[in-house]
1. Search the structure for amide H atoms under 5 Å from the amide H of B:ALA297, placed 1.01 Å from N in the peptide plane, and list their residues when 5 or more places away or on another chain.
2. Quick one: order C:VAL187, D:VAL292, A:VAL207 by neighbouring beta-carbon count within 10 Å, fewest to most.
3. Quick one: Karplus J couplings for region B:51-65, per residue in order, coefficients 6.51, -1.76, 1.60, θ = phi - 60°, nearest Hz, x for Gly and Pro?
4. Set the Förster distance to 22 Å, then compute FRET efficiency between A:ALA111 and A:ARG141 from the Cβ-Cβ distance, nearest 0.05.
5. Given label points at 7 Å from Cα along Cα→Cβ, what nm distances, shortest first, separate A:GLU276 from the same residue in every other copy?
6. If I model a spin label at D:ARG203 and C:GLU2 as a point 7 Å from the Cα along the Cα→Cβ vector, what separation in nanometres do I get?
7. In whole Hz, what ³J(HN,Hα) sequence does region A:260-277 give by Karplus (6.51, -1.76, 1.60; θ = phi - 60°), x for Gly and Pro?
8. Return the FRET efficiency for the residue pair B:ALA63, C:ARG132: r is the Cβ-Cβ distance, R0 is 45 Å, and the value is rounded to the nearest 0.05.
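Rule-based calculations on the coordinates, nothing more; no lab input. Everything numeric in this text was worked out from a predicted model, so none of it was measured. All Cβ positions, even for glycine, are placed from backbone atoms using ideal geometry, and neighbour counts span all protein chains on display.
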4 protein chains.
Amino acid sequence: MERICVALIGAGRMGQIHGPNAAGHPALRLKYVVDPRPDAAQALACRLAAETAPLEQALADPAVAGVLICSSTDQHLGHTLAAAAAGKAVFCEKPIDLDLRKARQARPRLAGAPFLLGFNRRFDPHFLTLKRRLDAGEIGRLETLHLINHDPAAPPAGFVPTSGGLFKDFTIHDLDLARWLLGEEPVQVFTSASCLVDPDIGRQGDVDTARTVLKTASGRLCVISNTRRSGYGYDQRIEAFGSTGMLTAANARPDTVQTLTEGGTFAAPIHPGFAERYGEAYRAQIDHFADVVGRHATPLIGYDDGIAALVLAEACQASLDAGTAIGLH
Amino acid sequence: MERICVALIGAGRMGQIHGPNAAGHPALRLKYVVDPRPDAAQALACRLAAETAPLEQALADPAVAGVLICSSTDQHLGHTLAAAAAGKAVFCEKPIDLDLRKARQARPRLAGAPFLLGFNRRFDPHFLTLKRRLDAGEIGRLETLHLINHDPAAPPAGFVPTSGGLFKDFTIHDLDLARWLLGEEPVQVFTSASCLVDPDIGRQGDVDTARTVLKTASGRLCVISNTRRSGYGYDQRIEAFGSTGMLTAANARPDTVQTLTEGGTFAAPIHPGFAERYGEAYRAQIDHFADVVGRHATPLIGYDDGIAALVLAEACQASLDAGTAIGLH
Amino acid sequence: MERICVALIGAGRMGQIHGPNAAGHPALRLKYVVDPRPDAAQALACRLAAETAPLEQALADPAVAGVLICSSTDQHLGHTLAAAAAGKAVFCEKPIDLDLRKARQARPRLAGAPFLLGFNRRFDPHFLTLKRRLDAGEIGRLETLHLINHDPAAPPAGFVPTSGGLFKDFTIHDLDLARWLLGEEPVQVFTSASCLVDPDIGRQGDVDTARTVLKTASGRLCVISNTRRSGYGYDQRIEAFGSTGMLTAANARPDTVQTLTEGGTFAAPIHPGFAERYGEAYRAQIDHFADVVGRHATPLIGYDDGIAALVLAEACQASLDAGTAIGLH
Amino acid sequence: MERICVALIGAGRMGQIHGPNAAGHPALRLKYVVDPRPDAAQALACRLAAETAPLEQALADPAVAGVLICSSTDQHLGHTLAAAAAGKAVFCEKPIDLDLRKARQARPRLAGAPFLLGFNRRFDPHFLTLKRRLDAGEIGRLETLHLINHDPAAPPAGFVPTSGGLFKDFTIHDLDLARWLLGEEPVQVFTSASCLVDPDIGRQGDVDTARTVLKTASGRLCVISNTRRSGYGYDQRIEAFGSTGMLTAANARPDTVQTLTEGGTFAAPIHPGFAERYGEAYRAQIDHFADVVGRHATPLIGYDDGIAALVLAEACQASLDAGTAIGLH
C-alpha cells in the first residue's frame, strides 16, 4: 500500500503531537516539516525521518496531498487558505482564527477543499462511547448537559494577550462539544466569570474561572465549567441527563492501583495534562484525517463548526461584559 | 435521665419521618401528635405511643418544651409564632413561608425563642465530611461549587400551585447549601430554566429543569443543577473546587454489590428518594434539635437563614423572568 | 400491639450491641439484663430501661418469651440449654461451644426450642443482595467463591487461650458463609497458615494469618482469607464466580467523599470494625429473632449450622497440623 | 540513530503481537519473519515491511542482533539454543519448555547469551505501579498476596493435549508474578482444582478451575485463582496485604462511561482478552528487549526464572495428584 504524503506546518507544542502520529500512521508519510525556526523544524524532522522545507516548497510538491496546520493561531487561517489554494486536504488546529469576521469572510475561498478542524475531544474514546450510548437512547431524550473542562495549571504570563481570551482559546472546545452533543444550536448564552487564579490574567482583561449556561430552542440546558488552574490535574468530564437517565464520562486515570491504610484510601492523581488524557484522541483524529486525505471520508468537523464555536465564544464574552443573557438567532 | 417532652404538628409526609425519630430519641419523649385530620393524627400517635391533642392543648402543656412543625407550608409561620409565643423551642420544616415579606415582618415576634429550620442536608454525613475537609483546607481556598439536586420523579399534578414554584420549594435547599459552603453571600444570581419534564408544570407557570449560577463578592461561583424528574433516582451530589484541589460527595448507594458479565458491569440504582438518602440526616437533625430543646446547643440553622434562602429563591425567579442576572445588595 | 418480653444474658461487648437493638425494637421489650458482674448489668439495664435479675429469675418469668445469650463462649451451651428447658426461644452468639463433641451431645436436649445462632453476616444487606442475585442466576451456576475476612487489629494478649483459636473463633464466620453460599457441603478442607502479626499468638500455639481452600462434592472451590490484623480497617468482602459472570460485595465506607489534589485521590478508610460495618446486620438479626420469638418465623440459622461450622473449623486445624487436605464425608 | 535488526520466529498469535511492536519500535528494525508456513510468514512480513527467510538465513545474518521466539511451545527451547549459538540476544515467549528436565539440561548451552523470557505481566503498568508502591513500603512488610488470573473463554478443544496442562500453560504466569512480588521463594505448594467449565478438558486429564496456595520460608502466603472461562472478560488483578495496609490493582476498563437509570448503573465489561489488557505491557516488554539487544540493559526475567516457574507448576500438579501440600527444597 502506497503511503500518502503529508506536510506538517509548525513544529511547536501541537506539531510535536500531530507530527509523530502522522509519521507513524500506516497510511501516511510525513514528508515535510515546515517551521520558520530552522532549529525546531530540523529537530522534529530528524526525529520523524522527514525533510524540512519552506512552506512554498511543501505546498508546491504534487506528492503532498494533505497539510497539518499547527502554526500559531494568528497564522491558522492564512495557512489554511494557502493549502486549500494548492489543492491540499487541510487539518487545522483550533481555532480557525480569533477574528470571527475574518473567518467568515474567508469562508468562500476555502471552496470545496476537505477541511478538518482540530476539536480533538470529539475523537476521545470515552466521549465517543458516551455519544454512542446517548444516540442509542440509553437515557431517553437528552435534556441537560454538564461539561467540565479544567486545565491543570495557569498558562505562562505572556500567553494571555495572544490567546484570544478564555472563551476563544479554551471554552471553545466545550462550545463545540455542546453543539455536538446537544443536537441543536444554542439560542441563549449566559456567562459568569471571575479572576481567581492569577491577578495578572485579570490585569490583562481576561478571566480564568467561568461558568456558562447555554439554552437551545427546545429548552435544553448546558452548563460549561472552566478554570485555568484546577490544582489536581486535567479534569475532563461530561454528564448528560435525559428523560430516563444519566450518562457520565469520568476522568481517566493512569492506573487502577489503590492503597488502603488506616489513614484512608489513596489512588494516583488523574491525568496531568492533555498529552496524556487525549493521546488516543489525537491518534484517532489523525486516523480520520488519513481517511479524509485518502478521500475515504468527509471531515467530521468542518469550517462551519469552527465558525459556530467562535460565534458562541463571542457570545460568552458579550454576556460577561453585559451581565445579561445573550440571544442568538 | 428524664426525657424532654415534644409535640409534633402535622402527621403527613414529613411528620412521619420526624415523628418516629423524635419518639425513638433517647433524650426526647413525643407526647402529642397534632393534626386537623383525626385519623392521620390517631394512626401516627398510636404507632409512636403518643397522644393526640388539639394544638392549643399541646402548646398549653408546660411539660412540652419543644415543637416539631411539619404542617403544610402555608401554616409553618403561624405555627412557629404560636409555639414561640408559648415559649417552646421550635423545629420548623422548610420553607418558613412562601411570602418573603410576611416572613420578614414576623421576624421580631419570634424574639429569642430557639428556632431550628429544617434544611436537612446540612446534617447529611457525606456533606458534613465534605464541609469538614473543606474547612480543613484540603483543597486550599474555595473557588467554585457545583450542587446537583435532581428529584427522581415529578410531583403530582396538584402540587405545583401550592408549592411556591421550583425555586422556593426545591432549589431553596441548594441555596442554603450554597450559603453554608461558600462562606459568603451571593451578590449576583442568574437562572436559566425550561419545562421539559411535564407540560402541565409549564401550563401552571412553573419550570421543572433549571440551572442557576451564583456569584459572591469575592468572585466565587456556584452552579445549581435542578430537575423535577431524573429518571434514575435521587441525585444528590456536591463538587467543590479550590485553589489546590477538588472535593466531591458522590451519590450514596444501597449496597456495594456489582455483577460483571459479558454484557457489562451492573450495580443497583442510587437511592430512589429522600427517605432513603437522607435517613441519617433526619436523625442527626433531631439529635441536634434535642440539644436545642435541652438548651445544650444553639440552633445551627436559624430564621435568618430561611429569610436569606427565600431572598435568593426570589432572585432566581426574577432572573428567569427578566432573562438577566439579578444583583443583590 | 403488645411487645414480647425478652431477657439479655451478658452485658459485655456483644450484649451492648444486641441489648439496645432489642430494647429499641418495636415488637420486643427488654425486661431483664442478666450478668454475674452487678455493675455491668446495672449500667446496661439502666441505659435500656430494663431490670437486672439473676438468671433463674429471668428464666422463671413466664412473661419472658425469648433469651439473648451474649455470655462468654464457655457459657453459651449451658445458657442455651437452661433457656430451652424453660421453654424460651433462644438467640445465641456464635460459637455454640468450642467443644464439638459436647455440642453434639447436647443436641437432643434442645428438642424443639426455637434456636437462632448469631452468624450475623447472613443478615448483612450487602451480602444478602449478593445472595439474592446469585440465586436469581445473574452469574449462571456458581463455581468458586472467595471470602475475605480481615480483622483490623490483633486481639489483646489474654484473648488467645480462651478463644478456641483462629478457626473456631474467627474463620467460623466464613465457614458458615461458605456453606450458605455454596449450596453444598465441603468435602475437602486445606488450610495454610502463619504467625505473622504477633509472635505471642504463635507462642500460644495459634496462628494469625490463614488461607483455607474448601472443595465440595461437585467440585466447587472456596478460598477463605483471614488475618487478625489488616492495618487498614475491617475488610469484609465476597467474590462469587459463576459460569457466566462474577458477583462482588465490596467494602462499605462511611462516606462517599473524595479529595483530588496534585498528590492523588483520597477517600476515607473503610469501616474500622464490626460495630460500624455490621450495624445493620445486627439490627436485622434482632428483627428476625423478634419474628422467631413471636412464632412468625423459624430460625434461619439453627443449631445444626453451628455444628457444621465447628466441624469445618476443626478440619482447618487438622489440615494445618497435618500439612495435608482433610476429607469430610 | 541506526536501528538494530531483529528477526521474528513464528507468525502466529503471539508473533502477530510482538512483530508489530518490534517493527514500530524506534530503536529496532524487524528484518525477517520466519515461519514454516509460507503464507503466514509472507502475510505478516508484508504488513510489517520485513522479509521472509528460513531460520538458518535469519540466524546467519550478522546484521541480526536479536531474535523474538514466538514459535510453538515445543520449539521454544530449540530455537532459543540455535539463536544463542548464533550469538543473538533472545526474547522467548513463555514457557521455555514443558519438560523441566530438558530445560534444566539445556541451561549450560545458553551460556552468556542475553535471554529475556516473555512473562509480560511484569511489564504491565498497573502491576508495575503496585510493585513500586509495595517496594516503597506503602503497606509495610508484605504478608500475603492474592493473584486473580481468569481467562475469558475456554481454549479450543485441540489445545489441551499440547498445552502442558493448566499449570504449565496458564498458572505459570501467576507463579512468576508470585515470585516477583513475594521477594522469596515458595517452600510449600497446595493446589485444589476441578473441571467445571468443559468436561472435555477433564476427559483429557486436565482441570480448568484451580486455587493454589503458596507459602514461603518466612510464612508469607499467596493464593492464585485460575479459571479457563470467566464468562465476564479477562480478569487480571492483584491484591497485596502488608503489615500496615493493602494494595490492589483492579481490572482496567475500555472507558469510564456509566449509564444510570431506574434499573441500575451500567458500565462496559472489563477488557475481553489479553491483547487489549496487556497491549501496553507487550510494548514495554519490547522496549526492554530493545535495551537488551542494544546491550543497555540486562534481561529483567531470565532463563532461571523460567525454570523456577516450571518447578512450581510441577508442584501444583503434584499437589493436585496427591491431595497434599508439596514441600520444595
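1. Counting only residues 5 or more places away or on other chains, the set is B:VAL292.
2. Values: C:VAL187 15, D:VAL292 21, A:VAL207 24.
Ascending number of Cβ neighbours within 10 Å: C:VAL187, D:VAL292, A:VAL207.
3. Coupling constants for region B:51-65: 9, 9, 7, x, 3, 4, 5, 4, 6, 7, 6, x, 6, 7, 9 Hz.
4. Numbers: r = 38 Å, r/R0 = 1.73.
After rounding to 0.05, the efficiency reads 0.05.
5. 2.4, 3.0, 3.6
6. 6.8
7. Karplus-based 3J(HN,Hα) across region A:260-277 equals 10, 9, 4, x, x, 10, 10, 10, 5, x, 5, 3, x, x, 5, 4, 6, 5 Hz.
8. Working: r = 47 Å, r/R0 = 1.05.
It comes to 0.45.
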